[in-house]
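Please read the structure below before turning to the comments.
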Amino acid sequence: MFGKIIYIGDNEAYVENTQKEMAAADLMNMNVIFEENNQRILGEVSELSSEKIKIRFLGEYINNKYVNGVLRKPLLTSKIRMINKDELMELVGTYNESSFILGESAIYKGFQICPNINNLFSNHLAILGNSGSGKSCGVARIVQNIFSSKYTVQYNANIFIFDSFGEYKNAFCKLSEINSSYNYKFITTNPTDESDVPLSIPVGLLKLDDMALLLQASNHAQLPIIEHTIKLAKIFSTNSEEANSYKNHLIAKALLAVLFSNETVASKKNEIFTILEVCNTKEFNFDSVIPGLGYTRTLSECFEIDSNGNFGESVLITNYILGKINDELDSIQAPEVASYSLKDLAKAMEFTLISEGFQHNQNLHDDAVILRVRLNSIINSKTNSYFSSKYIPLKDYINSLIDFNGKKAQIININLEDVDDTFAKVFVKIISKMIFDLSKTSAQRATTPYHLFLEEAHRYIQKDTDTFLLGYNIFDRIAKEGRKYGVILDIISQRPVEISDTVIAQCNNFLIFKMTHPLDIKYIGEMLPNISADILDKQKVLQPGNCVCFGSAFKIPMIVKMEMPNPMPYSSNCDVSNCWKAVQTNRTENTVNNNTNNNNNNNNINNNNADNKDDELNIPFLNIEENLEMPSGPEVMAA
């Protein structure tokens, strides 16, 4: 089969083909060994003709261990043979307590690919492929195989799956049947089953960066507005006398600024009433009683305009307002722990709008109004129900996500299928940031690994403006720093070209299912300098469920055929044929009934017009049109 070496190039050798029959095509993508003395170089058949065989060099066996790369080319006198079983097992791996079964080799039948768990899951992983190529089934099979290990119980696993379409619930809902120590938790924005847990994010845990993302802040001037709002919300949440005095202090300063402005009296009154309408306390509302010398006035009465065009009780109201100003309160500190809702935050934002520095600065005021509109829009929508006013420490909150009826859940499936892309991305960023922040505070670094599986990752890991606004993007930060803290990204996407370059570049392992879009293929080739054109060519013709695997967890790039998951995720295509059959059956029944009625009508018409041959010729055409009548709307809907 292998003759003498014709010549050796930079990274390949051309070998004489001694087997001229077409059966030699079975050699394609097979591995061969160049052997000379103690040197064993691994190669892969990449081209085949009747005259010669092109073999690409991959690596070298040193002390029976495979090492990538070739320092010394084989000699022209080297013996060439097929790889043997021991050498192949060194490449595909052995199933043991530190590995798991990924799938079967598509080239070597009967050989299972068993990557080391550490090598695959201690680094960021990218799973890419077209829609329908088998990504979701592949992910489900991988996770099922990990938890089905006959050697170990993966009790301390923390796998967070951010699910765009709720398709993994069916694949993992019976996880406890594998082992009673395993538990699966389904957190969703749309609970339907008794075991479903509604998504709830404590507002008190949202920091400046989180709130900026939630409110879609677009410029740096909005950040101090949000920061001031959060501070006020925390202060007001205490409901203390000091907090109420601070509210009065802010209102008094705002009213005083209006009173001494250059506006007309009528404009002043309108502006003062607007302030009192949105920001009020017991001391500052329309019905607040203002004591005078021997008489009282309500606050609204103090701003009645007299015949001279002035406020009738300007002295009384000015003294009352000055009595509520306490400049020492400007240094009040917000508590670290605070329970408040988005509605409380909106109230605090109203005080932010009237506070000094925002009231008469038109640009800042406009920026604040935009944020207020967005916040109120969230409060008045279903999105508000995903936030909780109850404060819980960060560590306890993450533990609550993992806890399932008093037991530890190994798979936490967060379903966001009924949330639009804008807020879904924000939720994923917020929770991912919380996990990352918690991991950084751990006394012993990376002792509790968290894996973030991001289904449809191009929805979340985008080339956003976060870095411009906040100075960082949380996924870029996790990609660069998360590994040392034990926070690992596992991104799943059909459009890698839409994903952040930084995240793709930091992935160490790749499972690439069939991809055909030229931009995606070009992007992967450009982003990964170590990927060869051969790998890119292979993935173009993969069958569904097969993927090209390469990276630090794999000795050489391999084509892996995965088993179908059991149970399956909800990721199958629509069964159009059966859906259509139901409609067709209904239509057939209607057509039969219509034909029966039409035939009866035809007989009557024929009997009445037996002597008129022209009418007889026209009747069938009329009947055909009647028979083509479609079922009515309700009938179609019922089908």
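The values are calculated or read from the model by the stated rules, or taken from the named source; none is laboratory data. On a predicted model such as this, the values are computed, not experimentally measured, just so you know. Heads up, the Cβs are rebuilt from the backbone with ideal geometry, glycines too, and the neighbour counts pull from every protein chain shown. Please note that ligands, DNA and RNA were not included when accessible areas were found on the heavy atoms of the full protein model with its side chains. Shrake-Rupley method; radii C 1.70, N 1.55, O 1.52, S 1.80 Å.
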What length, rounded to one decimal in nm, is gained on full extension from residue 575 through to residue 374, with 0.36 nm per residue of separation minus their alpha-carbon distance?
68.3 nm
What three numbers, in Å, describe the spread of the alpha carbons of the range 89-190 along their principal axes, ordered from the longest?
47, 35, 25
Two-site FRET efficiency, residue 118 against residue 26, from Cβ-Cβ distance with R₀ of 30 Å, rounded to 0.05
0.30
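Hey, with R₀ at 22 Å, roughly what FRET efficiency would residue 382 and residue 193 work out to, going by the Cβ-Cβ distance, to 0.05?
On the way: r = 19 Å, r/R0 = 0.87.
For R0 = 22 Å, the calculated efficiency reads 0.70.
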Roughly how many percent of the accessible protein surface of the chain is carbon and sulfur, given a 1.4 Å probe and a whole-percent answer?
49 percent
Run the numbers for residue 87 and residue 298: contour at 0.36 nm per residue of separation, minus the present Cα-Cα distance, in nm.
66.6 nm
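Tell me the per residue accessible area of the range 376-456 using a 1.4 Å probe; a whole number in Å² is fine.
On the way: 3390 Å² over 81 residues.
Using a 1.4 Å probe on heavy atoms only, each residue of the range 376-456 averages 42 Å².
What is the calculated FRET efficiency for residue 328 to residue 260, with r their C-beta to C-beta distance and R₀ = 22 Å, to the nearest 0.05?
Working: r = 22 Å, r/R0 = 0.99.
After rounding, the FRET efficiency stands at 0.50.
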Please work out the C-alpha center-to-center distance from the range 35-70 to the range 477-556 and express it in whole Å.
25 Å
Among 565, 223, 205 - extreme Cα towards positive end, dipole of the chain, charges at beta-carbon
565
Per q in 0.15, 0.16, 0.27 Å⁻¹, report the Debye log10 I(q)/I(0) for the range 182-268, using one uniform scatterer on each alpha carbon and no solvent.
-0.85, -0.90, -1.17
Quick one: dipole size for the chain, taken about the Cα centre, charges +1 on Lys/Arg Cβ and -1 on Asp/Glu Cβ, in debye to the nearest 20.
2700 debye
Taking only C-alpha pairs under 8 Å that are 6+ residues apart, what is the relative contact order of the chain in percent?
19 percent
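Give the residue list of trypsin sites (Lys or Arg not before Pro) in the range 1-95 that are DSSP loop and have at most 15 other beta-carbon atoms within 10 angstrom.
Numbers: sites: 4, 20, 40, 52, 54, 56, 65, 72, 79, 81, 85; in loops: 20, 72.
Those that pass, being in a loop and sparsely packed, are 20, 72.
Would you kindly calculate the translational diffusion coefficient of the range 161-307, applying Stokes-Einstein with the Kirkwood radius from alpha carbon pairs, for 4 °C and a viscosity of 1.567 mPa s, and quote it in µm² s⁻¹ without decimals? The partial results should precede the final answer.
Working: Rh = 20.6 Å.
Here the translational diffusion coefficient equals 63 µm²/s.
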HN-Hα couplings for the range 94-102 via Karplus (6.51, -1.76, 1.60; θ = phi - 60°), in whole Hz with x for Gly/Pro, come out as 10, 6, 8, 5, 10, 9, 8, 8, 7
Which values of log₁₀ I(q)/I(0), to two decimal places, follow from the Debye formula for the range 473-562 at q = 0.15, 0.16, 0.17, 0.21 Å⁻¹ with a uniform point scatterer at every Cα?
-0.58, -0.66, -0.74, -1.09
Calculate, axis by axis, the spread of Cα positions in the range 429-579 along the three principal axes, and write the results as whole Å, longest axis first.
52, 40, 32
Overall Cα dimensions of the range 397-477 - principal axes, largest extent first, Å
39, 33, 17
Ordered by packing density, taken as the mean number of other Cβ atoms within 10 Å over each peptide's residues, highest first, how do 323-329, 394-400 rank?
394-400, 323-329
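Would you kindly give the portion of the calculated P(r) for the chain that falls above 40 Å, as a percent of all Cα pairs?
Details: 106033 of 203841 pairs.
Considering the chain, 52 percent of its Cα-Cα pairs are separated by more than 40 Å.
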Could you run the Karplus curve 6.51 cos²θ - 1.76 cosθ + 1.60 with θ = phi - 60° over the range 477-493 and give me ³J(HN,Hα) per residue in whole Hz, x for Gly and Pro?
5, 5, 4, 8, 10, x, 4, 6, 9, x, 9, 10, 8, 10, 8, 10, 7
Which of the DSSP-defined H helices in the chain satisfy a minimum axial length of 15 Å, computed from C-alpha atoms, and a minimum mean Kyte-Doolittle hydropathy of 0.0?
135-147, 222-236, 241-259, 265-278, 342-354, 362-379, 421-440
Whole angstrom only: what separates the Cα centroid of the range 195-241 from the Cα centroid of the range 342-402?
5 Å
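According to the Cα gyration tensor, what semi-axes, each the square root of 5 times an eigenvalue, does the equivalent ellipsoid of the range 317-471 have, listed from largest to smallest in whole Å?
37, 21, 16
If packing is taken as the average count of other Cβ atoms within 10 Å, what order do 136-144, 468-476 fall into, highest mean first? Intermediate values should be presented prior to the final figure.
Values: 136-144: 23.8, 468-476: 18.6.
Packing proxy ranking, top to bottom: 136-144, 468-476.
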